[in-house]
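The values are calculated or read from the model by the stated rules, or taken from the named source; none is laboratory data. Owing to the predicted nature of the structure, the values given are computational and were not obtained by experimental measurement. We place every Cβ from the backbone using ideal geometry, glycine too, and count neighbours over all the protein chains shown. For accessibility, only protein heavy atoms count, side chains too; no ligands or nucleic acids. Shrake-Rupley method; radii C 1.70, N 1.55, O 1.52, S 1.80 Å.
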Amino acid sequence: MASPSIKDFYKGRNILVTGGTGLMGKVLIEKLLYTIPDIGNIYMLARPKKGKSVIQRIEEMCRLKLFERLKTENPSALNKIIPLQGDVLLENLGLSDTEIEKLSTEVSIIFHFAATLRLEAPLKDNVNMNTFGTKRALGVAKRFKNLTLFVHLSTAFCYPDYEVLDERLHPPPVNPDNVLKLIEWLDDKQLAMLTPSLLGQHPNCYTFSKRLAEAIVGDSYHELPLVIARPSIVCPAHKEPVPGWVDNLNGPIGVMIGAGKGVIRTMLCDGSLIAQVIPVDIAINAIIAIGMIEGTRKEKLETMPVYNVNIGHQQPTSWGEILKVGKQYALEHPMAWPLWYPNGDITTNPVLHEIRRICYHLVPAYLIDSLLLLLGQKRILVRIQQKISQGLEVLQYFTMRPWNFPCKNYDSIQGRLNDEERVIYNTDVSNFNRNEYLHNCVEGGRVFCLKEDPNRITINKSYHNFLYVLDWACKIFFWLLVLSFVASWFEPVRTMLAYGEPVVKHLPFLGPAVFKNDEL
């Protein structure tokens, strides 16, 4: 039996969104305004950043390609975005009592998306934003008089110590309130010493802080109407509002773009494992539908509803398949001015990966930085490679082990929608064209993040051909150098190579090493 329509549920409702300037927040706001013309105002909590006011940031956001269809078809809808200067790092989200009182009577839905996604960030940063920020948001929500639903955005990876990550809460490894006290009491050095013991089986502070946040949300379920949505790795848009749209290079798209630019040439990854990813527009479709489904529930459930927002089971695709398609497309449609010819690979062998990382990442970076130093230019490559290594280190945890996300609640969403809204808010990608989507991902990273002109492919190919020849020349010279050292130390090797005298004698490095005695 279908629930009330999504459009009817959101009609006239005022909504509060935290984290609205992030990838998912932007797509949520655009989709709500585009598909529900009768929606009320969307209050968007944001903070000044990089010398720009909240109003300037929102105006800049609305100029993105993301909002183009809305500006073309219904530009007045953008007037429904109401900026609120605030911050989840501040008490009461940085809002005044007057602002909270106004919101408490007007807002009926809260989407709490604000979070730091820096997996490598220290404990204090992650807990302050993801855990303490959630506690502050819940504190404000408890003052709202007409709240219908509070949607908390979590992550599907917050329970790494469980083989099967069900759609339910699990107890945290430590008391969240105790961790919050530690964050307040201890300095950074003391926290760094305690962090490994606190994390336990968590690979980083991000998943740990999101797990603590879920526990805090669970503790508030008896007071508030709450639901948790746990997306897997969020990737560029499948179709809406623009195929391939993305505003950052986090996750797999960063790896594909980095490989296409020749700066990532090795990665620890089990290519046979299923990639647990979801396009951002599909995830937002689900979250909007979840808001209606849970917001119209007549009787409160005994346990808080949780949705694993994931499509890995609908059309299983391995990491190896994703990277193969992405690599092939990047070779056929090369990036502009890559650092080196893009010809990296994945491995499950840590030793081989480290050897490749030293040879293909660090050594070239130091050589290029040395050249820049001689030319009086700023050295940047080593620093870039260090950041890449940090990013890969945390990402590799998710690509080197299997993940099992039962998605019973998520899979039930389509059955709760009417025929029209199953299309508008589609959550089933069983029949989508995987290769086309991956191609759009690469193009999205190229156009929206790197700001490259896709019409310059022919010029890019010429430079790629040059790099291809240079890459092979360097490989040949490298192995000739290695063989020359081996031949210098081992007589049997010299003897064997001497049989090829007509050719070997003229090879750089190797010829002099094999026939050095002949010249005496």
Pairwise centroid distance, computed over Cα atoms, of the range 215-249 with the range 60-108, Å: 18
Accessible area of the range 286-443 divided out per residue, in Å², using a probe of 1.4 angstrom: 53
Rounded accessible area of Y221 (nearest 10 Å², 1.4 Å probe): 30
Residues of type lysines that K516 reaches as a straight line, Cα spacing below 22 Å, ignoring anything fewer than 8 places off in the same chain: K505
V325 - accessible surface, heavy atoms, 1.4 Å probe, Å² rounded to 10: 20
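Pairs K181/K387; K31/K261; K31/K327; K49/K261; K26/K461; K80/K145: which are spaced more than 26 Å apart, C-alpha to C-alpha? Write out the running numbers ahead of the final one.
Values: K181/K387 31 Å; K31/K261 32 Å; K31/K327 31 Å; K49/K261 29 Å; K26/K461 34 Å; K80/K145 22 Å.
Beyond 26 Å between Cα atoms: K181/K387; K31/K261; K31/K327; K49/K261; K26/K461.
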The range 26-55 versus the range 260-310: alpha-carbon centroid distance in Å: 21
Sorted peptide list for 109-117, 302-310, 431-439, criterion being average Cβ within 10 angstrom, highest first: 109-117, 302-310, 431-439
For R383, solvent-accessible area (1.4 Å; no DNA, RNA or ligand), Å²: 110
Tilt relative to the chain, helix 280-295 - C-alpha long axis, 0 to 90 degrees, to 10: 20
Angle between the chain longest axis and helix 97-106 axis [Cα atoms, degrees, rounded to 10]: 80
Correct choice for Rg and Dmax of the Cα atoms in Å that was computed from the model, options (i) 25.2, 82; (ii) 24.3, 77; (iii) 26.7, 97: (iii)
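Write down the percent of antiparallel bridges among all DSSP beta bridges whose residues are both part of the chain, to the nearest 5. Let's see the in-between values first.
On the way: 3 of 36 bridges.
The antiparallel fraction comes to roughly 10 percent.
For the range 1-138, what proportion of DSSP beta bridges, expressed in % and rounded to the nearest 5, is antiparallel?
On the way: 2 of 16 bridges.
In the range 1-138, DSSP labels about 10 percent of beta bridges as antiparallel.
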In order through the range 390-400: 3J(HN,Hα) via Karplus (6.51 cos²θ - 1.76 cosθ + 1.60), integer Hz, x for Gly, Pro: 5, x, 5, 4, 7, 5, 4, 4, 7, 9, 10
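Taking the range 116-194, which GluC sites (Glu not before Pro) meet the DSSP loop condition and have no more than 16 other C-beta atoms within 10 Å?
E120, E163
Determine the share of the chain's accessible area contributed by carbon and sulfur atoms, expressed in whole percent, with a 1.4 angstrom probe. Don't skip to the answer; put the middle values down first.
Numbers: 14050 of 24680 Å².
The nonpolar share, carbon plus sulfur, comes to 57 percent.
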Options G133, G258, I233, ranked by Cα towards positive dipole end of the chain, top entry (Cβ charges): G258
Label-to-label distance, nm, for residues given as K102 and L374 (7 Å Cα→Cβ offset): 6.3
Within straight-line cross-link reach of K451, aspartates and glutamates at Cα separation under 14 Å, skipping those fewer than 8 residues along the same chain: D247, E443
Degrees, to the nearest 10: 434-444 long Cα axis against longest axis of the chain: 90
Alpha-carbon centroids, the range 439-471 and the range 323-344: separation in whole Å: 7
